[in-house]
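Down below is the structure, laid out as structure tokens.
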Amino acid sequence: MQPNPAPARPLPADNVTNGLYGQDILSVKQFTPAMLDYVFRVADEMNTLVERFGSADLLQGKIMANLFYEPSTRTSSSFMAAMQRLGGQVIPINGVTFSSVSKGESLADTVRTLECYADVIVLRHPEAGSVAEAAHWASKPVISAGDGVGEHPTQALLDAYTIRRELGQLEGLTVGMVGDLRFGRTVHSLTRLLLDRNVKFRFVSPRLLRMPEEIRDEVSQAGGEFTEHEDVAEVIGEVDVLYVTRVQKERFTDLTEYEKVNGAYTITPELLQEAKEEMVVMHPLPRVGEITYEVDEDPRAAYFRQMQNGVYIRMALLAAVLGKA
Ligand code: NCD
């Protein structure tokens, strides 16, 4: 017998957090330009707050459950840091083998358990659609920290925030995405988030790892422009953003296929000599050889700043979802 879903969530009028109070965060498609501006503005304030005071008590008394069914370093720890810097508490559940999930508990029951203890649930899961399913069962807000090959909305928000901080705007840029565009959820979300920004997309991947047709269609339907390439040298001179990704080994059922495409791209200082002076190199990390360590010295290498921005964006989101402006 199927358990009963959570009742529809009654939401108070929300002019303060731009409609984010009490909401699940499952896809970047939820974010209007006004909501994005709001989150970016609050993230700027969170940056100032952390620099001046280190922490605040905005979310004192609130608890976040951090439920990760897949490995994570940055997303997991930056959500925890965000909650703790705002005075909240965290229930971290990383090794699901130590929880009841390993006893066969369903996702529905796990989230309905955690919401008895927490005010918000952050969830990473290997199956696309599973975070939406969890949100269906939970009556407290669920924030996606990545659902398989689906989306990684908070990463895309911090990516867009980084682009805006580094280059001053999101509109009209030429954005090159390099690597595993098929399985990489970060590039799926970022492409969708930039759809209405008049961006020219340059998708660079081996044929096996092309951007999924569904997302290419979304770009076309939005009137956007994209081209596809196998060689990064074809686009390096024109891009404002070079967004590099790791080949997602864990998504391959046949590892010989992985071996064929692994190591297809390496960004080096020599390659960057061909790039514009004002551009940024980004990567959601972890990197496994796609960008050499020498590139880190280049002022255009933004991936460590990008990672730092993740804390401010997640602080802004947690505050908004929990109704604190
Ligand atoms: C990414 C992810 O998990 O999708 N990492 C992250 O969240 N910063 C990218 C990756 O694992 O390659």
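Every number in this text was worked out from the coordinates using simple rules, so none of it is lab data. Keep in mind it's a predicted model, so treat the numbers as computed, not measured. When we count neighbours, we look across all protein chains shown, and the Cβ atoms used for this are built from the backbone with ideal geometry, even at glycine.
The table for this structure:
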quantity	calculated
Restricting the range 50-81 to residues that are away from the ligand (no atom under 16 Å from the Cβ) and of a type in the set (D, E), the residue that is farthest from L322 (Cα to Cα)	E51
Criterion violated by F252 - all others in (1) within 16 Å of the ligand (Cβ to nearest atom); (2) more than 16 Å from R210 (Cα to Cα); (3) hydrophobic (A, V, I, L, M, F, W, C); (4) surrounded by fewer than 20 Cβ atoms within 10 Å (Cβ to Cβ) satisfied	(2)
Which numbered condition N198 misses (of (1) of a type outside the set (A, V, I, L, M); (2) within 25 Å of S78 (Cβ to Cβ); (3) more than 16 Å from the ligand (Cβ to nearest atom))	(2)
Qualifying position, being surrounded by 13 or more Cβ atoms within 10 Å (Cβ to Cβ), touching a residue at least 24 places away in the same chain (Cβ under 8 Å) and either within 16 Å of the ligand (Cβ to nearest atom) or in a helix (DSSP H, G or I) (or both), among I236, I215	I215
Residue match in the range 72-92 (condition: in contact with a Ser or Thr (Cβ under 6 Å, 6 or more places away or on another chain) and closer than 27 Å to T110 by Cα)	yes
Some residue of the range 128-146 being farther than 17 Å from L26 by Cβ, among the charged types (D, E, K, R) and outside any helix (DSSP H, G or I)	no
Set L322, L285: member being touching a Lys or Arg at 6+ places or on another chain (Cβ under 8 Å), hydrophobic (A, V, I, L, M, F, W, C) and closer than 24 Å to E45 by Cα	L322
Single unsatisfied condition, V50 versus (1) of a type in the set (V, I, T); (2) over 26 Å from V111 (Cα atoms); (3) buried (at least 20 other Cβ atoms within 10 Å of the Cβ)	(3)
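Condition check ((1) touching a residue at least 12 places away in the same chain (Cβ under 8 Å); (2) among the hydrophobic types (A, V, I, L, M, F, W, C); (3) part of a loop (DSSP other than H, G, I, E, B)) across all residues:
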site: F226; (1), (2), (3): yes, yes, no
site: Y243; (1), (2), (3): yes, no, no
site: E259; (1), (2), (3): no, no, no
site: G263; (1), (2), (3): yes, no, yes
site: G289; (1), (2), (3): yes, no, yes
site: V311; (1), (2), (3): yes, yes, no
